[in-house]
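Enquirer: Dropping the structure in here first, questions after.
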Amino acid sequence: KFDVRKRRVEGDIKTEQATQHRVHRVKKMQQSLDKALSRVAMVAVGVMGGASAINSCIYDIDGGKRAIMFNRFPNPLTGETSGIQKYVIKEGTHFKLPYFQDPKVFDVRTRPRAIPTVTGTKDLQMVNITLRLLSRPNMDKLPIIYQQLGLDYDERILPSIANEVLKSVVAQYDAEELLKKREQVSLEVRKQLTQRAQDFNIDLEDISITHLTFGKEFASAIERKQVAQQEAERQKFVVMKAEQERKASVIRAEGEAEAAKMISEALRKGPALLELRRLEAARDITATLAKSKNIVFVPGGGGGGGGFSREKRET
């Protein structure tokens, strides 16, 4: 019994030792795994930090855009001062110092803008005009534009100068002249507006008047004027017609008088004219009777004469 118990105790001890050994190995493997994961995490954090640092050091300028650089502090390495730099950055990928440098991006493509306004003409008629502009900034003057106006330069400048120029130009013309001389008005607006925009370093590619309407009172006045002009033209035609009829009557009377004079002279010279008229009348009568369906020509006897007789046609 003692030997059996001894063997059991020894077996239990060996089992416990084996179990402790396995537990120790598992703990050791777990510690190794924890260390590996920790290292991986540190590497990942380092990579992410490096990527973030690199990303914060570069910036892209897309097509159709330009940028200027703003330095918060002077750069002793390049000798740049603080504030807006005088150079313009073109398209592509560029480097910057995080926090110390901040690029300002401009859209330099041509952009359309419609500007409506209401103004008065020389004869005090109110007119609604819509002006279409195609504008873009002067790329060499972007630092000055940002310092004076900001990125929304077009919102600040174009509506004000467009209204100013339109009011000054339209005030020089009457309402009727605006319709007849629209091309001249457009050229004058383009000339003055281009000069005003250049004072703010803005280039205008195209300027055109797309909409021009007057008030209801002026439209009614134009309609009444057109009706009056049409009535005047009609009366002018009536007068011309009466004049032509008068001239025709005079010419007809002169012709009849001349014809009577000629007939009188012919009768004084002899009966030849009467004989001619008699023959013409006989010819006309013969032609008329020949066309009638109820008249039949019957030849005469002996003397070769003939005559006409009327018959009833049976239907």
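Enquirer: Take the residues of segment 152-190 that are within 30 Å of residue 105 (Cα to Cα) and surrounded by fewer than 17 Cβ atoms within 10 Å (Cβ to Cβ): which is nearest to the chain's Cα centre (by Cα)?
Expert: 159
Enquirer: OK, next. Would you check which residues across segment 72-105 are open to solvent by 40 Å² or more (accessible area, probe 1.4 Å) and under 38 Å from the mean Cα position of the chain (by Cα) and list them?
Expert: Within segment 72-105, 86, 87, 88, 90, 91, 93, 104, 105 qualify.
Here's the yes/no breakdown for (1) of a type in the set (Ser, Thr, Tyr); (2) modelled with pLDDT of 80 or more; (3) open to solvent by 100 Å² or more (accessible area, probe 1.4 Å):
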residue	(1), (2), (3)
219	no, no, no
227	no, no, no
233	no, no, yes
236	no, yes, yes
240	no, yes, yes
244	no, yes, yes
247	no, yes, no
256	no, no, yes
259	no, no, no
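Enquirer: Failed condition for residue 43, given (1) modelled with pLDDT of 85 or more; (2) open to solvent by 90 Å² or more (accessible area, probe 1.4 Å), with all others met?
Expert: Exception for residue 43: condition (1).
Enquirer: Which pairs do you get when a residue that is polar (S, T, N, Q), found in segment 121-132, comes within reach of a residue that is assigned to a strand (DSSP E or B) and open to solvent by 60 Å² or more (accessible area, probe 1.4 Å), reach meaning Cβ atoms under 6 angstrom, with the pair 6+ apart or on two chains?
Expert: Hits for this filter: 128/118; 130/114; 130/116; 130/210; 130/211.
Enquirer: Sticking with this structure for a sec: Do we have residue 108 as surrounded by 16 or more Cβ atoms within 10 Å (Cβ to Cβ) and out of contact with any strand residue (DSSP E or B) (no Cβ under 6 Å at 6 or more places or on another chain) here? Give the steps one after another, and end with the answer.
Expert: Working: surrounded by 16 or more Cβ atoms within 10 Å (Cβ to Cβ): yes; out of contact with any strand residue (DSSP E or B) (no Cβ under 6 Å at 6 or more places or on another chain): no.
No; evaluated as a whole, the condition is false for this residue.
Enquirer: Follow-up. Kindly establish whether residue 173 is aromatic (Phe, Trp, Tyr) and at pLDDT 90 or above.
Expert: Answer is no for this residue.
Enquirer: With the checklist (1) at pLDDT 80 or above; (2) open to solvent by 70 Å² or more (accessible area, probe 1.4 Å) in hand, flag the one item residue 69 doesn't pass.
Expert: (2)
Enquirer: Residues in segment 276-305 that are in a loop (DSSP other than H, G, I, E, B) and modelled with pLDDT under 65: how many?
Expert: 6
Enquirer: Hey, does segment 135-151 have a residue that's among the aromatic types (Phe, Trp, Tyr) and surrounded by 19 or more Cβ atoms within 10 Å (Cβ to Cβ)?
Expert: Of all residues in segment 135-151, those among the aromatic types (Phe, Trp, Tyr) come to 146.
Narrowing the set further to residues that are surrounded by 19 or more Cβ atoms within 10 Å (Cβ to Cβ) leaves none.
No: zero hits.
Enquirer: Among the listed residues 106, 73, identify the single one that is in a loop (DSSP other than H, G, I, E, B), under 30 Å from residue 146 (Cβ atoms), out of contact with any His (no Cβ under 8 Å at 6 or more places or on another chain) and hydrophobic (A, V, I, L, M, F, W, C).
Expert: Just one listed residue meets the conditions, 73.
The values are calculated or read from the model by the stated rules, or taken from the named source; none is laboratory data. Model, not experiment: these values are computed from the prediction. Glycine also receives a Cβ, built like all others from the backbone with ideal geometry; neighbour counts cover every protein chain displayed. What goes into the accessible areas is simple: the full protein's heavy atoms, side chains included, and nothing from ligands, DNA or RNA. Shrake-Rupley method; radii C 1.70, N 1.55, O 1.52, S 1.80 Å.
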